[in-house]
Amino acid sequence: MLATGAAVTTALAQVDREKIYQWINELSSPETRENALLELSKKRESVTDLAPMLWHSCGTIAALLQEIVNIYPSINPPTLTAHQSNRVCNALALLQCVASHVETRSAFLAAHIPLFLYPFLHTVSKTRPFEYLRLTSLGVIGALVKTDEQEVINFLLTTEIIPLCLRIMESGSELSKTVATFILQKILLDDTGLAYICQTYERFSHVAMILRMDCMVGNGVLIDRLLQGKMVLQLSKEPSARLLKHVVRCYLRLSDNSRAREALRQCLPDQLKDTTFAQVLKDDTTTKRWLAQLVKNLQEGQVTDPRGIPLPSQ
C-alpha cells in the first residue's frame, strides 16, 4: 500500500514537472506567454530548481526582460493599467526566483539584470498598479541583499540603489518603505557598504538632494536628513513596528562609523530618546535593545562641560 502511494506521488510529481517544462517553453511565444508567467509564478516557491531551469532554458530570460521593457512606455506618462502591472509583476517574480538561487545569482548580477528594474523604482505615481510594480521590483533587490553576500553589495554600490531606496523611504507606501529600508539596512550592515555611505561629502549630498534635506557637521560630512528625523516623525504619527525596527537598526549601524556618530549626536530625533515609541515596542525586545545600544554609542566618548552638558564638536 505504501509502495503504491509512493508511486502515485512520483507520477504526480513527474506530471507537474512536465507542466513546468511546458510553461517555460511557452514563455518564448508572445501568444502563450501571459498564462505561462502566471502559472510559473505560482510555482516559484514549490519548485526548488525553477531558477536554474529558467536561466538555462533558451530565450527565457530574454522573454522576461522583454516583458519589463514593454512596460517602459507606460511609465511616462503614467498610464500603467492593473492588467499590465499584474503581468509584468509575474515576470518580476520569476526574476526574483533567479536572484534568490545560489546557482544563478552570480550570473544574474553579471548580466546587470537589476538595472532593468530601476526605471520602475524611479516612478512616483501612487496608483495601485505603480505601487505594486515598485514593491515587486524592490522584492527582487531585497532577495539579493537577503543573501548577505559581498558580491551583491559590491554590485549594488556601483548603481543608484541607495538614492532610489531613500526616495521610496520618504514617500512610498508603508510596505514599500519597509522593503526599501530593509535594503538600506543590509547595505549598511556590510562593512564596505557602511564605509561607502559614510565616506564622502558628494555621496551624502547626493542623498540629500533626493530628500531635499541635510545635516552638515565638522569637516563637511553630510548625513542625509532622513537620519535627522523625517521618517521617525512620520512613524510617531503613523506607527509601524516593522518599519521602525529597520529604521532603528540603520541608525545603530551608522553609529558604528565615527563621522556618522558625530552627526547623530547633533541630530538624533528626540522621538528616539523619549517614550514616543514605548507602546509600539513594548513586546519587541530586540528593537528596544538596539535603541538602548544606539543611545549608549552616542553617549560614549562625548565631551561634556563640568555640568555634564555635551559640548558642541569643534
>> So ALA263 passes all but one of these: (1) more than 24 Å from the chain's Cα centre (by Cα); (2) under 18 Å from THR287 (Cβ atoms). Which condition number does it fail?
In response: (2)
>> Which count do you get for residues in the range 40-63 that are open to solvent by less than 10 Å² (accessible area, probe 1.4 Å) and either β-branched (Val, Ile, Thr) or free of Cβ contacts under 8 Å to residues at least 12 places away in the same chain (or both)?
In response: 1
> Can you name the residue in the range 144-185 that is of a type in the set (Ser, Thr, Tyr) and part of a helix (DSSP H, G or I) and, of all such residues, is modelled with the lowest pLDDT?
Replying inline: SER171
> Is it fair to say THR136 is closer than 20 Å to ILE71 by Cβ, assigned to a loop (DSSP other than H, G, I, E, B) and modelled with pLDDT of 95 or more?
Replying inline: no
>> Restricting to the range 107-123, name every residue that is part of a helix (DSSP H, G or I) and more than 18 Å from the chain's Cα centre (by Cα).
In response: ALA107, ALA110
> Going through the range 154-180 one residue at a time, which ones are farther than 14 Å from ARG134 by Cβ, of a type in the set (Val, Ile, Thr) and buried (at least 17 other Cβ atoms within 10 Å of the Cβ)?
Replying inline: ILE162
> Can you name the residue in the range 94-106 that is farther than 17 Å from ILE183 by Cβ and open to solvent by 10 Å² or more (accessible area, probe 1.4 Å) and is also nearest to the chain's Cα centre (by Cα) among such residues?
Replying inline: CYS97
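The values are calculated or read from the model by the stated rules, or taken from the named source; none is laboratory data. Just so it is clear, the structure is predicted and the values come from calculations on it, not from any experiment. Methodologically, a virtual Cβ is constructed for each residue, glycine included, from the backbone with ideal geometry; neighbour enumeration extends over all protein chains shown. SASA here: full protein model, heavy atoms, side chains in, ligands and nucleic acids out. Shrake-Rupley method; radii C 1.70, N 1.55, O 1.52, S 1.80 Å.
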